[in-house]
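Heads up: the structure comes next, in structure tokens.
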Amino acid sequence: MLDEPGKAFPSRSELKIIRGKTLTKTPSWHKAIVLIEQESGRRLRLVGWQRNKEGDWRIRQKFNIAKGYALEIAAACEAYANDWE
């Protein structure tokens, strides 16, 4: 599922992205779920980058997904998607 390489995402040196999946991309926003490497280990993160006036991408939204909750979050998203019409 996380089939895009880390270099496909707008990232600065403070965020080491291993790989990810773009959720949506417009000229001003890029939102994705990414696998990142931190000193404490790897984490899943939902990230929203916004392009500023100078044309640089900056993180404006982020949400870390704790390993213990990943399956619960996925199940809740799937249940919601099935009921959404």
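Can you tell which of Leu23, Gly6, Ala76 lies farthest toward the positive end of the dipole of the chain, using +1 and -1 charges on the Cβ of basic and acidic side chains (Lys, Arg; Asp, Glu)? It is Gly6, whose Cα lies furthest towards the positive end.
Ordered from longest to shortest, the equivalent ellipsoid semi-axes for the range 4-83 are 23, 17, 10 Å, each the square root of 5 times a Cα gyration tensor eigenvalue.
Cross-link reach is defined here as a Cα-Cα straight distance under 30 Å, omitting same-chain residues fewer than 8 places apart; for Lys53 the lysines meeting it are Lys7, Lys16, Lys21, Lys25, Lys31, Lys62.
The trypsin sites (Lys or Arg not before Pro) of the range 1-65 meeting both criteria, a DSSP state outside H, G, I, E and B (loop) and at most 12 other C-beta atoms within 10 angstrom of the site's C-beta, are Arg12, Lys53. Dipole magnitude for the chain: computed about the Cα centre from +1 point charges on Lys and Arg Cβ and -1 point charges on Asp and Glu Cβ, it is near 460 debye.
Laboratory data are not the source of any read-out in this text; all were calculated from the coordinates shown. Treat the numbers as computed from the prediction; the structure is a model and nothing was measured. Methodologically, a virtual Cβ is constructed for each residue, glycine included, from the backbone with ideal geometry; neighbour enumeration extends over all protein chains shown.
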